[in-house]
1. Checking Arg114 against (1) loosely packed, with under 13 Cβ neighbours inside 10 Å; (2) of a type outside the set (A, V, I, L, M, F, W, C); (3) modelled with pLDDT under 95, which single condition isn't satisfied?
2. Can you tell me which residue in the range 11-37 is farthest from the ligand (Cβ to nearest atom), limited to those that are part of a loop (DSSP other than H, G, I, E, B) and over 17 Å from the mean Cα position of the chain (by Cα)?
3. Restricting to the range 136-177, and then to whatever is more than 16 Å from Ser201 (Cα to Cα) and polar (S, T, N, Q), can you tell me which residue is farthest from the ligand (Cβ to nearest atom)?
4. Are there any pairs with C-beta distances below 9 angstrom linking a residue in the range 226-238 that is farther than 16 Å from Gly195 by Cα to a residue that is assigned to a loop (DSSP other than H, G, I, E, B) and of a type in the set (Val, Ile, Thr), with the two at least 6 apart or on different chains, and if so which?
5. Limited to the range 200-238, what total is found for residues that are outside any loop (DSSP other than H, G, I, E, B) and within 11 Å of the ligand (Cβ to nearest atom)?
6. Do we have any residue at all in the range 53-68 that's touching a helix residue (DSSP H, G or I) at 6+ places or on another chain (Cβ under 7 Å), free of Cβ contacts under 8 Å to residues at least 40 places away in the same chain and not hydrophobic (A, V, I, L, M, F, W, C)?
7. Give the number of residues within the range 64-86 that are closer than 25 Å to Gly172 by Cα and either more than 24 Å from the chain's Cα centre (by Cα) or among the aromatic types (Phe, Trp, Tyr) (or both).
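The values are calculated or read from the model by the stated rules, or taken from the named source; none is laboratory data. None of the values given here were measured: they were computed from a predicted structure. Neighbour counts are summed over all protein chains in view; Cβ atoms, including those assigned to glycine, are modelled from backbone coordinates with ideal geometry.
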Amino acid sequence: MAGRFAPSPTSDLHLGNLRTALVAWLLARSTGRAFLLRIEDLDTQRVRAAPEVAARQIADLAAIGLDFDGEPVWQSDRLARYADAVARLDTYECFCTRREIAEAASAPHGDGYRAYPGTCRHLTEAEREQRRRDRTPAIRVRAHGAVQAVTDLWAGEVSGVVDDFVVVRNDGVPAYNLAVVVDDVAQGVDQVVRGDDLLSSSPRQAWLTRRLGGTMAQYAHVPLVLNPQGGRLAKRDGAVTLADLADAGVTAGRVLTLLAHSLNLAGRDESVSPGALLARFDPAALPREPWVLGPVD
Ligand code: GLU
């Protein structure tokens with residue numbers, strides 16, 4: 001079975017992304033799993049820079065010493081698989097705008113996601129026919145209000161009600177939750193490691209994994225890296241990518257040390273390699289709190 005790192009090629013990886021990748025690599029390698037790289041470029045396939053951004057992401061992962069099995073998989077090459085999966089699901093067309101959902105749905109979750117209230121679930125064919133004239137529908141999967149639990153290395157048992165979530169957006173692009181699950185199932189991924197901003201998506205994805213005949217993954221949602229003000233680390237926080245840090249005289253090897261130190265795996269000035277970290281890796285000893293980034297030097 002396999003673990004994976006699945007960046008979206010929207011911008012260069014920052015220290016938080018690199019740290020998540022390191023944890024994903026350590027968890028996969030320490031459990032004898034293959035480690036796969038998947039470029040999640042569905043949203044960005046019309047952005048001309050996506051291949052270049054992905055190439056820099058791949059180079060940055062190599063620069064801190066992470067290796068992958070096989071060639072990277074690009075989601076934009078796999079559209080037929082997503083369409084096949086959608087055809088196997090019980091789905092319906094949804095004509096709701098964002099605003100209509102906001103007005104009809106209950107309060108948003110902490111991450112801003114609004115559970116779909118089911119407005120279009122029972123439209124007749126005649127009603128759908130009429131609405132299609134004004135608006136291209138999104139496609140939602142019928143989840144029948146299922147409750148799904150997942151087990152997360154950091155968060156423990158997390159349970160959520162699965163709403164009728166979108167599997168194809170109304171611009172025809174396969175939705176994030178669909179594409180991730182189709183690929184994880186096809187690639188034999190049974191260990192999902194990523195930033196904890198995606199924790200609340202995991203019950204939906206675990207439920208869909210089972211619908212598509214896959215094995216439920218174990219999850220590890222890594223606490224985000226925060227800037228000194230306590231906000232989520234972003235590019236505007238200064239030198240947070242390998243390229244920026246290199247300009248400031250901070251090498252990739254130094255960055256690996258800082259990441260390892262933040263994970264209780266190395267001293268602040270110890271020179272390390274991923275292999276050396278693997279030898280001393282204990283998931284139970286990983287810090288539970290977000291990493292607040294101080295000055296990098
Ligand atoms: N592509 C997503 C991101 O970069 C991660 C998806 C996942 O790991 O499931 O945020």
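1. The failed condition is (1).
2. Filtering first and then ranking leaves Gly32.
3. Filtering first and then ranking leaves Thr136.
4. Short answer, once both residue conditions are applied: Gly238/Val296.
5. Residues that pass the stated criteria total 7.
6. No.
7. Qualifying residue count, the range 64-86: 2.
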